[in-house]
Structures are given as structure tokens and as C-alpha cells.
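This report concerns only the one structure given below.
The values are calculated or read from the model by the stated rules, or taken from the named source; none is laboratory data. Computed from a predicted model, the values in this text were never measured in an experiment. Here the Cβ positions follow ideal geometry from the backbone for every residue, glycine too, while neighbour counts run over all protein chains shown. Just so you know, the surface numbers come from the protein's heavy atoms only, side chains and all, with ligands and any DNA or RNA stripped out. Shrake-Rupley method; radii C 1.70, N 1.55, O 1.52, S 1.80 Å.
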Amino acid sequence: MLFLLSLLCQGLLCPGDSTAVPQVTGLPHAAAEEPHAFHMLQSSSFVNNSWAYTQSSGWLDDLQTHHWDDVLGTIRFLRPWSGGNFSKEELKNLQALFQLYYHGFIREVQVFASQFQFEYPFELQISSGCSIRSGKGTESFLMGAYQGTDFLSFQGNSWQPSPGAGSRAQNVCRLLNNYRDIKELVQSLLFQTCPRFLAGLLKAGKADLERQVKPEAWASKGPAPDPSHVLLVCHVSGFYPKPVWVAWMRGAQEQPGTQKSDVMPNADGTWYLRVTLDVKTQETSGLYCRVKHSSLGGHDLIIRWDEYSVLLTLICVTVLVTLIMLIALQYWFQKQSSSHKVLDSHLPAPTMTVNTLGPRRSRHQLCSVKELWSKSIFLKKWITSLNQRQ
């Protein structure tokens with residue numbers, strides 16, 4: 001398997017023999033100003049010595065660009081530009097490399113699990129990738145964790161146990177360092193393939209990465225632990241890129257006690273954040289939420305709580321008036337329905353009489369009876385219709 005990995009890594013994926021850290025040139029202007037990183041996250045769950053599964057994904061900064069389909073053994077490209085500037089042949093070889101890696105990783109861990117005292121069930125996590133920092137060139141990294149705790153890392157050209165990981169991590173690193181071919185393969189992927197792939201992603205996805213979406217902001221009242229206090233909540237949503245500054249202010253001073261949530265993703269790729277402030281009810285005057293974001297062009301969003309509380313009052317009054325009108329309208333319909341039912345109960349029932357009059361008088365009475373029946377039916381239908389509307 002190592003021979004196959006070496007063949008895949010040479011040529012298309014890892015041109016050249018040098019393992020020195022290259023200087024990436026020709027990057028977009030935004031990449032030269034801000035640090036960018038491409039990293040792969042792998043989480044392998046080992047249920048027992050015969051059943052294990054792996055989840056893996058690729059990320060450009062905070063944006064997911066790739067997903068590994070563990071069932072089909074293929075890379076899913078989540079963005080039109082997720083292939084960067086790699087050719088179809090290079091991407092095909094890269095996929096074959098990961099197919100061999102994931103299959104071999106699961107098998108080797110199961111073989112050595114008892115030797116290194118890995119107790120089932122257990123989790124292994126790996127984070128690997130590279131970053132481009134302004135004025136510092138490229139940096140690469142690979143870190144492994146066991147059961148969520150730092151376990152080992154790849155430093156320079158060798159595996160090193162994490163501080164405090166104990167003798168088990170030392171034994172694993174000692175074994176891995178015996179495989180020279182694996183170390184050279186990891187070096188090539190981290191220090192050559194990854195920086196080249198990252199540079200291609202930044203160039204291919206420049207338009208998407210540099211887009212600016214303005215945030216929307218609004219305020220609300222949250223549940224306060226004390227009746228004499230009020231929890232002010234500032235919601236900021238729909239912004240891109242991720243960096244944002246939000247705070248509750250009074251005058252030019254940021255209020256102490258402001259609590260900020262994590263910046264969470266929306267389904268459309270934008271971001272969401274909320275900032276809260278617990279204050280006494282009588283001390284809300286003059287408070288406002290301030291939002292700074294690159295898409296606003298230096299014009300901050302200001303959400304004043306005084307104005308918002310007035311708006312809330314108007315909304316509450318409007319809802320209350322609407323409810324009163326609906327109740328009055330329902331009462332009127334019920335009253336109309338009751339009056340029509342009383343009228344229907346006093347209508348004379350149609351009777352049949354013996355025709356002792358002449359033909360003309362008889363026809364007139366017959367018409368009267370039909371007219372009475374038709375009126376009675378019409379009234380009943382109308383009353384039924386009114387009741388159904390209620």
C-alpha cells in the first residue's frame with residue numbers, strides 16, 4: 001500500500017523532490033492581507049474490532065468546501081470552485097489516495113488497538129492542513145486526538161507525542177517514526193500539495209469569498225431572572241463575511257456585562273449572532289446596540305432600545321385593538337343568528353286545505369303556500385350560512 005501511495009503522491013500531486021516550505025506567490029489581494037487556512041477534519045469512530053466508520057470534511061477558513069462520502073469512497077465538492085486549480089487527473093489521483101488512506105487507517109488501528117490499549121468504543125480525531133499568513137509564508141500542521149484529548153502531532157519530519165499524553169502516545173509515535181515512507185508522504189502532502197491547493201482555492205473562489213452581505217439587526221426582550229431586571233437581546237443576522245463587532249452601548253461606552261453568543265451559520269451561508277445585556281428596568285434609557293461590519297462601509301447599524309420599546313408598545317396596542325374588534329364582530333354575528341332563529345320559530349307552518357273554492361281562488365292559495373315554503377327555506381339557509389361563518 002505504501003508503494004501505491006508513493007506513486008499517487010509523485011508527479012501530479014507533489015511535483016519536485018524538495019520538502020522545503022514553498023513561498024506561495026500570485027495570490028489574490030485579499031489573501032495577502034488576511035490569513036487563510038485550508039484544513040481537513042477527520043473523526044473515526046471504532047465501535048468494536050470489526051466495525052468502524054469515518055466522517056471527514058474540508059474547510060476553507062469557516063466555509064465547508066468538501067465532504068468525504070464514506071459509503072461511496074468519493075470526495076463531494078460543495079462549491080463550484082472546490083477543485084481549485086487542480087486538473088481532473090490530479091483530483092482523481094487525490095481521491096484514490098484518500099480511498100487507500102481511509103481503508104488502511106481503519107485496518108491498522110484495529111490491528112494495533114489492543115497493543116496500545118485503545119479501549120472500545122473510542123474516537124480518533126485528526127486535523128490537518130496549511131495556512132497562508134501575510135509576511136510569514138505558509139505554515140502546515142497535523143494534530144491527532146484520542147477521545148477528544150490531544151494525543152500527537154507531526155512536527156518538521158517526525159511524529160511527536162502531545163504534552164501530557166503519556167506513554168501510550170509515545171509508543172504510537174515511536175512506531176510511526178519507523179515508517180520512513182509514511183513520513184515522507186505526510187511531508188509532501190502538508191508542505192507541497194496543501195499550499196498549492198489552498199492558493200488555487202483562493203483564486204478560484206475569489207468572487208464568492210470576497211462577497212459582502214449587509215447584516216440585519218433588531219432588538220427584543222428576553223426572559224430575565226429577576227422581575228426588577230430586563231434582558232435586552234440584540235439579534236444580528238444574514239451577514240458575510242464572518243468577522244463582526246456587536247455591543248450594547250450607552251453613549252460611547254460599551255456596557256459591562258454584555259454577553260455574546262457564538263457566531264453561528266445560517267442555511268444560506270451567512271452568519272448569525274446575538275448579544276445580550278441584563279440591566280435594571282429603570283436603567284434602560286439611552287441604551288443602544290451597535291453593529292460594525294465590513295459590508296456597511298463604515299456606517300454602523302444603531303438599534304436604540306428607547307425607540308424599539310415604543311415600537312413594541314404600538315404593536316401591542318394594535319394587536320389589542322384588533323382583538324377587541326374581532327370579539328365585537330363575533331358577538332354581533334351571534335346576536336343576528338339568535339334573532340333569525342326566533343323569527344324562524346314564529347313562522348306559520350304550511351297547511352293543506354280542501355279546495356272548496358273556485359279554480360282561480362284555489363290557484364292563488366297554492367301560490368301563497370309555495371311562496372311561504374320558499375321564504376321559510378331561504379331563511380333557514382341564510383341562518384345556517386351565518387352559523388357556519390362563526
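Structure summary
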read-out: Pick from region 111-135, criterion open to solvent by 60 Å² or more (accessible area, probe 1.4 Å) and part of a loop (DSSP other than H, G, I, E, B), ranking: farthest from residue 55 (Cα to Cα); value: 135
read-out: Any chance residue 291 is part of a strand (DSSP E or B) and either within 30 Å of residue 63 (Cβ to Cβ) or free of Cβ contacts under 8 Å to residues at least 24 places away in the same chain (or both); value: yes
read-out: Subset of region 249-267 (residues that are outside any strand (DSSP E or B), under 18 Å from the mean Cα position of the chain (by Cα) and within 18 Å of residue 218 (Cβ to Cβ)); value: 261, 263, 266
read-out: Selection status of residue 261, among the polar types (S, T, N, Q) and more than 17 Å from residue 235 (Cα to Cα); value: no
read-out: Among (1) of a type outside the set (Asp, Glu); (2) within 20 Å of residue 191 (Cα to Cα); (3) modelled with pLDDT of 95 or more; (4) touching a strand residue (DSSP E or B) at 6+ places or on another chain (Cβ under 7 Å), the one test that residue 91 misses; value: (4)
